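Accompanying notes for the structure given below.
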Amino acid sequence: MPSEQSPLPYKTARAAELFWLVASIATTLYVLCLWWTEDLTRWTLGLFPCISWLWYGVRRAFRLRMTKPD
């Protein structure tokens with residue numbers, strides 16, 4: 001984190017990254033649990049973990065780019 005910037009944007013970006021990591025893990029586990037327990041597999045449920053992991057990647061890339069020294 002550059003020293004001339006306020007720490008609030010960094011903390012916010014870190015919190016958003018952590019949120020999406022937890023959400024991604026939770027949705028992945030939930031969808032896998034549904035797939036294993038249901039007789040009829042609904043493949044469209046797989047979109048939710050994919051979107052969640054995509055947002056985690058976007059937030060992580062944003063935070064890493066934000067903390068990269070110029």
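Every number in this text was worked out from the coordinates using simple rules, so none of it is lab data. None of the values given here were measured: they were computed from a predicted structure. Glycine also receives a Cβ, built like all others from the backbone with ideal geometry; neighbour counts cover every protein chain displayed.
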- Message: Going by what's in this entry, would Tyr30 be described as in contact with a Ser or Thr (Cβ under 9 Å, 6 or more places away or on another chain) and aromatic (Phe, Trp, Tyr)?
- Response: no
- If you go through the stretch 21-45, how many residues are part of a helix (DSSP H, G or I), of a type outside the set (A, V, I, L, M, F, W, C) and in contact with a helix residue (DSSP H, G or I) (Cβ under 6 Å, 6 or more places away or on another chain)? 3
- Residue among Arg65, Arg42 that alone is under 29 Å from Ala13 (Cβ atoms) and loosely packed, with under 13 Cβ neighbours inside 10 Å: Arg65
